[in-house]
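Report on one structure; see the data block that follows.
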Amino acid sequence: MQVEAVRVAGPERGAGLGGALLGWAADAGRARGAVLAQLTTDRRRVAAHRFYARLGWVDTHRGMKLDLTRAEDPRVS
């Protein structure tokens, strides 16, 4: 299963909502037969990474993106 764009409003952080949300997502994935969950997060969100690690998520990959709205073809230099 894929988890993306996880956000909890600033004033609500620290109340357990994020952990509950990700716990619910994992349970829902398991109930539907998922055997692996992947989470994407911006590299700049260091505090979020610490939070995910406390919940048992492991940093295993590096992702890349290509902006397809650019006018030029990135394959041509």
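Some values worked out for this structure:
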read-out	value
Full-extension gain in nm, residue 50 to residue 30, via 0.36 nm per residue minus C-alpha separation	4.8 nm
Calculated from backbone phi, Karplus (6.51, -1.76, 1.60) coupling profile of the stretch 41-55 in Hz, x at Gly/Pro	8, 5, 4, 6, 8, 4, 5, 5, 4, 4, 4, 4, 4, 4, 8
Relative contact order of the chain, pairs being alpha-carbon contacts under 8 Å that are 6 or more residues apart, as %	35
Answer label, with Rg and Dmax of the Cα atoms in Å calculated from the coordinates and candidates (i) 12.4, 43; (ii) 11.1, 34; (iii) 16.0, 50	(iii)
Computed lengthening from residue 1 to residue 75, 0.36 nm per intervening residue step minus Cα-Cα distance	23.5 nm
Two-site FRET efficiency, residue 13 against residue 58, from Cβ-Cβ distance with R₀ of 22 Å, rounded to 0.05	0.50
Residue range of the chain that is longest and free of trypsin sites (Lys or Arg not before Pro) which are both DSSP loop and sparsely packed (at most 12 other C-beta within 10 Å)	8-31
Two-site label geometry, residue 40 and residue 65: point separation in nm, points 7 Å out along Cα→Cβ	0.7
Fluctuation leader among 37, 26, 15 - the chain, Gaussian network, Cα springs under 10 angstrom	15
The stretch 1-44 shape via C-alpha gyration tensor axes, a/c threshold 1.5	oblate
Distant-in-sequence amide H partners of residue 39 (H built 1.01 Å from N, under 5 Å)	3
Of all accessible heavy-atom area on the chain, the percent that carbon and sulfur account for (1.4 Å)	56
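The values are calculated or read from the model by the stated rules, or taken from the named source; none is laboratory data. This structure is a prediction, so every number in the text was calculated from the model and none was measured. As a convention, Cβ positions derive from the backbone with ideal geometry for all residues, glycine included, and neighbour counts pool all protein chains shown. Remember, those area values only see protein heavy atoms, side chains included, never the ligands or the DNA or RNA. Shrake-Rupley method; radii C 1.70, N 1.55, O 1.52, S 1.80 Å.
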